[in-house]
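K.L.:
What follows is a structure written as C-alpha cells; I'll ask about it next.
Readers should treat all values here as calculations from the given coordinates under stated rules, not as data from a laboratory. Values in this document were obtained by computation on a predicted structure and should not be read as measured data.
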C-alpha cells in the first residue's frame, strides 16, 4: 500500500523577483516576519506562531533550474503570473509545494516544486 501525503488548500502569495540580485521572494501580504531560517539557497520567514509567511529563493535561476532539470532565465522569472503555496505538516517537518504560473506566452504549464523545512510548531523529540 502506498502512503499518500495530502496538502492543505493552496494559499495565494505575493511575489517579487529581484533581477539584479537574482532572488525570488514569495510572501504573505501584510504579515510580519518574526524569525528566519536559511537552508541552502532558501530563506524561510516565520511569524510569531511558527507559520511560514515568506520564502526567499537565492540564486533563483540556478536553484529553480536545478530543481526542474531545465534552464530558467531572468525573463522566465520576470513573467510570473501568480504563485500559490500549499503546506502539509509531517511530524517535525513542513512539506511545502510551490505552484508557479507564468504568462502564457512564456510557459503554458505551471511549475510545481516541493521542499521540506523544519516545522517550528512542533517540539523536537530530542528536547523532551
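K.L.:
Over its Cα atoms, what ratio of radius of gyration to 2.2 N^0.38 Å does the range 11-121 give? Mind showing how you got there, number by number?
P.N.:
Details: Rg = 13.6 Å, N = 111, 2.2 N^0.38 = 13.2 Å.
Its radius of gyration relative to the 2.2 N^0.38 Å reference: 1.03.
K.L.:
Kirkwood hydrodynamic radius of the range 54-105 from all distinct Cα pairs, in Å?
P.N.:
Result for the range 54-105 stands at 12.5 Å.
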